[in-house]
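A short write-up of the structure that comes next.
The values are calculated or read from the model by the stated rules, or taken from the named source; none is laboratory data. All figures in this text were calculated on a predicted structure; none of them were measured in a lab. Please note: Cβ atoms are built from the backbone with ideal geometry, for glycine as well, and neighbour counts cover all protein chains shown.
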Amino acid sequence: MSAFASYDKLLDRLYSSLPEKKTTGERFEVPTAEPLIQGNQTIIKNFDAICSALRRKPEAVAKYLSKELASPGSIEGGRLVVQGRFGLKTISDKIQSYVDTRVICRECKKPDTHTDEIGRGVKILICEACGARTPIRA
Ligand SMILES: [Zn+2]
């Protein structure tokens, strides 16, 4: 009995302390892309900042963007250089779709997630907040 009692007390303390705790992801903000068109290239100047806000490897985001934009891209000193001219709207839309499909949990809508590869080219999104595992369509 006493073990249960202390466990209850422990839970009480745990729950009562929850509201004070600042949960991560409540204010999930991705910096707005800063594309710079130079000749026939588009340079996303704050690519590094975007990737760290998304908590994703720049290589993974670069791969997605160049596939979506159907144009080769390369990372140069924290900036993404894509062949072709793309405006802010296009770039922002692609980043948003990356967020929607590869960052935000479908179940709880929180961004506290990471991805894992479970088989040949099969990726899943794992939520650290609710534990949901959602397949990612390539
Ligand atoms: Zn979740």
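Every residue in the stretch 34-48 that is assigned to a loop (DSSP other than H, G, I, E, B) and surrounded by 16 or more Cβ atoms within 10 Å (Cβ to Cβ), please.
Step one: of the stretch 34-48, the residues assigned to a loop (DSSP other than H, G, I, E, B) are 34, 39-40, 45-46.
If the condition is that a residue be assigned to a loop (DSSP other than H, G, I, E, B) and surrounded by 16 or more Cβ atoms within 10 Å (Cβ to Cβ), then N46 is the only one that fits.
So that you can scan it fast, the table gives a plain yes or no per residue for (1) in a loop (DSSP other than H, G, I, E, B); (2) under 19 Å from F28 (Cβ atoms); (3) modelled with pLDDT of 95 or more:
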site	(1), (2), (3)
V61	no, yes, yes
Y64	no, yes, yes
K67	no, no, yes
V82	no, no, yes
F86	yes, no, yes
V99	no, yes, yes
C105	yes, yes, yes
I118	no, no, no
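Would you please name the residue that is farthest from the ligand (Cβ to nearest atom), looking only at residues in the stretch 79-123 that are aliphatic (A, V, I, L, M) and surrounded by fewer than 16 Cβ atoms within 10 Å (Cβ to Cβ)? Steps first, please.
Applying the first criterion (aliphatic (A, V, I, L, M)) to the stretch 79-123 yields 80-82, 88, 91, 95, 99, 103-104, 118, 122.
Next cut, surrounded by fewer than 16 Cβ atoms within 10 Å (Cβ to Cβ) only: 88, 118, 122.
On the way: L88: 30, I118: 18, V122: 20 Å.
For the stretch 79-123, the residue satisfying everything is L88.
Please pick out the residue among T115, T42 that is in the same structural domain as I136 (by TED's automatic domain parsing) and not aliphatic (A, V, I, L, M).
Working: T42 fails: in the same structural domain as I136 (by TED's automatic domain parsing).
None of the other options fit; the residue is T115.
Pull up the stretch 124-138, narrow it to residues that are aliphatic (A, V, I, L, M) and part of a loop (DSSP other than H, G, I, E, B), then point me to the one that is farthest from the ligand (Cβ to nearest atom). Before you say what the answer is, go through the steps one by one.
Taking the stretch 124-138 first, the residues aliphatic (A, V, I, L, M) are 124-126, 129, 132, 136, 138.
Add one more test, that the residue is part of a loop (DSSP other than H, G, I, E, B), and what stays is 129, 132, 138.
Values: A129: 5, A132: 5, A138: 21 Å.
Filtering first and then ranking leaves A138.
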